[in-house]
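What follows is a set of notes on a single structure, which appears directly below.
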Amino acid sequence: MDHEAFEDEIRSPREVAFRALGLFSVVGLALGADRSDILDWLTEHDLWQKLSASEIGFVDTLNPSRQQLVNIGWLSERLVMILWALGAVDALPPPDEQCNTALFQEKLPPFALISVSDFVTAAQLRSPTELIAMADDVLGLHWEARDARHKGRTSNPRVDMEIIQERHHAINWVIGYDGLDWDEVTTDT
């Protein structure tokens, strides 16, 4: 694929809000939410088309493997970054600390006291300056973690490679890195 043909363009608040809702549904499923409740919610709010191909594949898997559940569970780190981009959380956990997934129920429908349509309509992104600064910061942390791993040392500051890679994916998508779709976003360092 010729990446030169794509231009970075920050996603719309609406697109980011729908991404949050899609992620919330698959992360919830991976963390043990009732499958029929998730499927009904996706249908009721016409959210199926907001899921990526890989997410639909997971949702369609009746008996996911333990590894599939773990892999999708890691998407919670992408979701916390998406919520940060939307201004729904003030700060991210440190780069070596997993997010608290209970936060999602405080911020997102159907648990938060906001409807899906109101959540999407009210969505606002942080300023482009903040988003780009975060992307640069996360890129630096990811590079440091990879370099430290390659050299067999501890990164400084301490960075969990899995956490930062997931957050890097999410912020790259938000800023429109290479214009790539969700499943195709890269985390180059």
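Calculate how steeply helix 13-30 sits against the longest principal axis of the alpha-carbon atoms of the chain, using the helix alpha-carbon long axis, and give the answer as 0 to 90 degrees to the nearest 10.
Computed tilt is about 80 degrees.
Would you work out if segment 122-177 is rounded, prolate or oblate? Take a ≥ b ≥ c from the square roots of the eigenvalues of the alpha-carbon gyration tensor; rounded if a/c is under 1.5, else prolate when a/b is larger than b/c, oblate otherwise.
It is prolate, given that a/c is not under 1.5 and a/b is the larger ratio.
Between residue 130 and residue 112, what length in nm is gained on full extension when 0.36 nm per residue of separation is reduced by their alpha carbon distance?
Result for the pair: 3.9 nm of gain on full extension.
Would you report the distance distribution of C-alpha pairs in the chain as whole percents per 10 angstrom bin, up to the bin with the largest distance?
9, 36, 37, 16, 2, 0
Roughly what angle does helix 161-174 make with the longest principal axis of the chain, taking Cα atoms, 0 to 90 degrees, to the nearest 10?
With rounding to tens, the tilt is 70 degrees.
Evaluate Rg over Rh across segment 56-162, taking Cα atoms for both radii and Kirkwood's formula for Rh.
Using Cα coordinates only, the ratio equals 1.03.
Return the whole-Å distance between the Cα centroid of segment 71-142 and the Cα centroid of segment 23-61.
About 18 Å separates the Cα centre of segment 71-142 from the one of segment 23-61.
Would segment 33-102 count as rounded, prolate or oblate if I go by the C-alpha gyration tensor, calling it rounded below 1.5 in a/c and otherwise prolate when a/b exceeds b/c, oblate otherwise?
It comes out oblate by the Cα gyration axes.
So for 55, 106, 44, fewest C-beta neighbours within 10 Å to most, what's the order?
44, 106, 55
Measure nothing but the geometry: give the 0 to 90° angle between the long axis through the Cα atoms of 35-44 and the longest principal axis through the Cα atoms of the chain, rounded to 10°.
In the chain, helix 35-44 runs at an angle near 80 degrees to the longest axis.
We did not get these values from a lab; they are worked out from the coordinates using the rules stated. Not measured: the values here are computed from a predicted model. For neighbour counting, all protein chains shown are included, and Cβ atoms are generated from backbone atoms with ideal geometry for every residue, glycine included.
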